[in-house]
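Undergrad: Have a look at the structure that comes next, please.
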Amino acid sequence: MDIRDFSTDFFSLTGTTAVVTGGNTGLGQAFALALAKAGADVFVPSIADDDGTTRALIEAEGVRYEFFEIDITAPGAARAVVDTCLDRFGRLDTLVNSAGICKLASVDEFGREQWDPMIDLNLTAPFDLAHEASGHMIERGSGKIINIASLFSFLGGQMSPAYAATKHGIVGFTKAYCDELAGHGVQVNAIAPGYFATKITEATRANEVTNQRVLDHIPAGRWGDVADLMGATVFLASRASDYVNGHVLTVDGGYLVR
């Protein structure tokens, strides 16, 4: 491509379809809305629908929103998600593996009852979905898979060895899939969010000591806002990132440099 051919249109997702797991809550909602604002239709498979907020936000962008109630950890769920998306939209351009959970317990109390569901949702389900989606993308010769990693892809994880294990695994899985799919025109990358002001961090932010401890580690001096993730999402889903392969993009205000 000649440099004169580049334009901001490379960031447009108009005419594409994105699957965003867990895209109706938390960070997943921000990923879904970002893609919608860039012009993508959005298909959200999740275990439970929201109160209609996500649909309203996305349809306000003039694109289609479809919800598909399903447990993505169930046998055969990944194929059902891909097949249903193709049936309803006729295409699948982007897969964002954002659904996840984090169960906390001390090492002596953290057992298989915490470990197994986190491995199933945070690591196995993304693999299954990427496996099913990539076959379709290979046939078309294009596609974007965006896995959601974490700061704990690079750090330990007090109180949750399974969360750290799954997020380390997501990075390895991202790089392994990149190694095989890049030659087929499919980009596989990850976003690693830092500390964000969401419901799950309310207790930490409400405690003056723990809140300051986090802030002291962030060069930007503030907690992330979910909107801070939206630009990275559009970039990795768009034509602008066609030569970005196997990368883990940290969005953490500089946390990892300290």
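The values are calculated or read from the model by the stated rules, or taken from the named source; none is laboratory data. Predicted, not measured: the structure shown is a model, and the values here were computed from it. Here the Cβ positions follow ideal geometry from the backbone for every residue, glycine too, while neighbour counts run over all protein chains shown. Side chains included, ligands, DNA and RNA excluded: accessible areas come from the protein's heavy atoms. Shrake-Rupley method; radii C 1.70, N 1.55, O 1.52, S 1.80 Å.
Undergrad: Looking only at region 31-54, which residues are under 11 Å from Val234 (Cβ atoms) and out of contact with any strand residue (DSSP E or B) (no Cβ under 7 Å at 6 or more places or on another chain)?
TA: Residues satisfying the conditions are Leu33, Ala34, Lys37, Ala38, Gly39.
Undergrad: For residues in region 31-42 being in contact with a Ser or Thr (Cβ under 8 Å, 6 or more places away or on another chain) and open to solvent by 10 Å² or more (accessible area, probe 1.4 Å), which is farthest from Gly231 (Cα to Cα)?
TA: In this case the residue turns out to be Asp41.
Undergrad: Filter region 45-57 down to the residues that are out of contact with any helix residue (DSSP H, G or I) (no Cβ under 6 Å at 6 or more places or on another chain) and closer than 27 Å to Asp116 by Cα, then identify the one that is most open to solvent (accessible area, probe 1.4 Å). Spell out how you get there, then give the answer.
TA: Of all residues in region 45-57, those out of contact with any helix residue (DSSP H, G or I) (no Cβ under 6 Å at 6 or more places or on another chain) come to 46-53, 55-56.
Now drop any that are not closer than 27 Å to Asp116 by Cα, which leaves 46-50.
Working: Ser46: 16, Ile47: 114, Ala48: 51, Asp49: 78, Asp50: 42 Å².
Restricting to residues being out of contact with any helix residue (DSSP H, G or I) (no Cβ under 6 Å at 6 or more places or on another chain) and closer than 27 Å to Asp116 by Cα, the top hit is Ile47.
Undergrad: All but one of (1) open to solvent by less than 60 Å² (accessible area, probe 1.4 Å); (2) closer than 15 Å to Thr250 by Cα; (3) in contact with a Ser or Thr (Cβ under 6 Å, 6 or more places away or on another chain) hold for His168; which doesn't?
TA: Only one criterion in (1) open to solvent by less than 60 Å² (accessible area, probe 1.4 Å); (2) closer than 15 Å to Thr250 by Cα; (3) in contact with a Ser or Thr (Cβ under 6 Å, 6 or more places away or on another chain) is unmet by His168, namely (1).
Undergrad: Considering each of Tyr255, Tyr243 in turn, give the residue that is surrounded by fewer than 20 Cβ atoms within 10 Å (Cβ to Cβ) and among the aromatic types (Phe, Trp, Tyr).
TA: It is Tyr243.
Undergrad: Would you be able to say whether some residue in region 206-217 is among the polar types (S, T, N, Q) and open to solvent by 50 Å² or more (accessible area, probe 1.4 Å)?
TA: yes
Conditions tested, residue by residue: (1) in contact with a Lys or Arg (Cβ under 8 Å, 6 or more places away or on another chain); (2) closer than 22 Å to Leu35 by Cα.
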{"residue": "Phe173", "(1), (2)": "no, no"}
{"residue": "Ile200", "(1), (2)": "no, no"}
{"residue": "Asn211", "(1), (2)": "yes, no"}
{"residue": "Asp216", "(1), (2)": "no, no"}
{"residue": "Gly224", "(1), (2)": "no, yes"}
{"residue": "Phe235", "(1), (2)": "no, yes"}
{"residue": "Tyr243", "(1), (2)": "no, yes"}
{"residue": "Val251", "(1), (2)": "no, yes"}
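Undergrad: Next up: Has region 58-71 got at least one residue that is modelled with pLDDT of 95 or more, in a helix (DSSP H, G or I) and open to solvent by 30 Å² or more (accessible area, probe 1.4 Å)? So that I can check it myself, show each step before the final result.
TA: Just the residues of region 58-71 that are modelled with pLDDT of 95 or more, to begin with: 58-71.
Okay, now just the ones that are also in a helix (DSSP H, G or I), so 58-59.
Still in the running and open to solvent by 30 Å² or more (accessible area, probe 1.4 Å): 59.
Checked region 58-71: at least one residue is modelled with pLDDT of 95 or more, in a helix (DSSP H, G or I) and open to solvent by 30 Å² or more (accessible area, probe 1.4 Å).
Undergrad: Please find, among Leu155, Leu151, the residue that is farther than 26 Å from Ile70 by Cβ and open to solvent by less than 20 Å² (accessible area, probe 1.4 Å).
TA: On the way: Leu155 fails: open to solvent by less than 20 Å² (accessible area, probe 1.4 Å).
When all the criteria are applied, what remains is Leu151.
Undergrad: Write out, first by first residue and then by second, each pair whose Cβ atoms fall under 6 Å of each other, whose residues are 6+ apart or on separate chains, and whose first residue, in region 37-56, is among the hydrophobic types (A, V, I, L, M, F, W, C) while the second is open to solvent by 60 Å² or more (accessible area, probe 1.4 Å).
TA: Ile47/Asp71
Undergrad: Can you pull out the residues in region 185-238 that are out of contact with any helix residue (DSSP H, G or I) (no Cβ under 9 Å at 6 or more places or on another chain) and of a type in the set (A, V, I, L, M)?
TA: Answer for region 185-238, where residues must be out of contact with any helix residue (DSSP H, G or I) (no Cβ under 9 Å at 6 or more places or on another chain) and of a type in the set (A, V, I, L, M): Ala206, Val209, Leu215, Leu236.
Undergrad: I've got another one for you. Can you say whether Asn122 is open to solvent by less than 60 Å² (accessible area, probe 1.4 Å), touching a helix residue (DSSP H, G or I) at 6+ places or on another chain (Cβ under 6 Å) and free of Cβ contacts under 8 Å to residues at least 60 places away in the same chain, as far as the supplied structure shows? Can you show your working first?
TA: Numbers: open to solvent by less than 60 Å² (accessible area, probe 1.4 Å): yes; touching a helix residue (DSSP H, G or I) at 6+ places or on another chain (Cβ under 6 Å): yes; free of Cβ contacts under 8 Å to residues at least 60 places away in the same chain: yes.
In short, yes.
Undergrad: Then there is this: Restricted to region 72-83, and to residues that are free of Cβ contacts under 8 Å to residues at least 24 places away in the same chain and of a type outside the set (D, E, K, R), which residue is surrounded by the most Cβ atoms within 10 Å (Cβ to Cβ)?
TA: Ala80
Undergrad: How many residues are closer than 17 Å to Ala99 by Cβ and open to solvent by 10 Å² or more (accessible area, probe 1.4 Å) when one looks only at region 125-147?
TA: Qualifying residue count, region 125-147: 4.
Undergrad: Let me ask you something else. Which is modelled with pLDDT under 95, over 29 Å from Ala227 (Cβ atoms) and of a type outside the set (D, E, K, R), of Gly157, Gly135, Gly111?
TA: The conditions single out Gly111.
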